[in-house]
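Taking it in order: structure first as structure tokens, then the write-up.
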């Protein structure tokens, strides 16, 4: 499964914080395994059309929180994050429930039925 | 693909553009031979039509040459769509690949033509090396220029990207990387040899030119691999991977490798001549043999089986993608 990161410049949350939050989520869920190399600051900044400083700040905060570790010229790697499987499951459940809640509220506000809403989820799921 | 609809006749002409001149040249040579045989013979009066036919056929050849040139310069390349269809199944990916093939081939053709004309202008004392260098430099430069374009940014506030490292080694075949390293090592060896023999000057210039080409190729490969890419669906990502790989190898790197080998060959032959002149001895056969070997290696890099290679690359990226999405 490809790991996609999404940022929205219009949100009140700073972009670097959005990156940090999503990386932490992926590491906690185990989708970003320990030892995985992250893209370079330059590459991610280019792909997301952001200033290098924004991505550098996100990486720096992740490094301070020991979620990732920088290995000089070799790049930035996911740290060995020791979480119990039960903790991982709980964090995944919480994150998913939060996202589902926001989605369900928006769908109801738009007056969309469950089937149509799920169909949208399926389509987005297959997009990446 | 966007753009004006072309007639089938136009497409057929474009497809036949390289065969037509050869077909047309055969009767021309037959007529030349017939004209030679008729000279001074008793039947020359009866074969007086040969020069007229020859003139007419020469005119047809000129028209054909101009047509072939214009067809190539038009940038329309129906082969590109066929080649893309063989490599990529996804319609959007196929369109992207066809557009890249068309752009890259067109730029390489125009670059090669301009380089060749400039090279011919530099020919002195019947030495055709400038024409060859001009041709190869033009093709390599054209291929590189085809990769330099502005990718229009996403205007929306929401952006998506894949959290995956794109390394040059994943996109550039090992043989190409080895060839570039071999040219760099060869250049260093020539410099050391020149220092030992006590010759530099033109040899250093040729070596420096070869190294500049190697450095440019490496820089361009990095640029192509690191080029912006938003998050894409698996089929499109696979097409994009293939496109980057083709661009970083066949697009400009292989003509660049061929060019650097030709430049290195010139450095070697220059060193051999300078050494023989300064020592007052006859030139040994080593330098011309090395030169020939480098020329052949350069020709091999340029003409290396390309479509087969593209196919195997396409299969490799498809397998890679399947294993990632599993």
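The numbers here are math on the coordinates, done by the rules we state, and not lab data. Nothing here was measured: the structure is a model prediction, and the numbers come from that model. A quick note on method: Cβ atoms are made from the backbone with ideal geometry, for glycine too, and the neighbour counts reach across all protein chains shown.
Counting only alpha carbon atoms, the long axis of helix A:52-64 and the longest principal axis of chain A meet at about 80°.
Residues B:95, A:28, B:261, B:70, arranged from fewest to most other Cβ atoms within 10 angstrom of their Cβ, appear as B:70, B:95, A:28, B:261.
With neighbour counts taken as other beta-carbon atoms within 10 Å, the residues A:17, A:119, B:77 rank, fewest first, as A:119, A:17, B:77.
Classification of the range A:1-114 by its C-alpha gyration tensor yields an oblate form. The axis ratio a/c (a ≥ b ≥ c) is 1.5 or more, and b/c is at least a/b.
What ranking do B:99-109, A:2-12, A:100-110 get when scored by the average of other Cβ atoms within 10 Å per residue, highest first?
The peptides rank, most packed first, as B:99-109, A:2-12, A:100-110.
For the range B:163-205, the gyration tensor built on C-alpha atoms gives a prolate shape. Its axis ratio a/c (a ≥ b ≥ c) is at least 1.5, and a/b is the larger of a/b and b/c. The mean count of C-beta atoms from other chains within 10 Å of the C-beta of residues in A:3-11, rounded to a whole number, is 5.
Inter-chain neighbour count for A:29-37: the average number of beta-carbon atoms from partner chains within 10 Å of each residue's beta-carbon is 1. Other protein chain C-beta atoms within 10 Å of residue C-beta, averaged over B:226-233: 5. Overall, the anisotropy analysis places the range B:125-194 in the oblate class: the square-rooted eigenvalues a ≥ b ≥ c of its C-alpha gyration tensor yield a/c not less than 1.5, with a/b not exceeding b/c. Against chain A, whose longest principal axis comes from its Cα atoms, helix A:114-127 is set at around 30 degrees. Here the sum of -39500 (n - 2.57) over DSSP H runs of 4 or more residues, divided by the residues of chain A, equals -19000 deg cm²/dmol at 222 nm, to the nearest 500.
Peptides B:266-272, B:130-136, B:215-221, ordered by how many other C-beta atoms sit within 10 Å of their residues on average, highest first, read B:266-272, B:130-136, B:215-221. Taking the longest Cα principal axis of chain A as reference, the axis of helix A:15-29 is set at about 90 degrees.
Please give the peptides B:206-214, A:90-98 ranked by average Cβ packing (other Cβ atoms within 10 Å per residue), highest first, as a rough proxy for protection. Mind showing how you got there, number by number?
Numbers: B:206-214: 20.6, A:90-98: 12.6.
Descending packing order for the listed peptides: B:206-214, A:90-98.
From the alpha carbon centroid of the range B:200-255 to that of the range B:121-195 is 5 Å.
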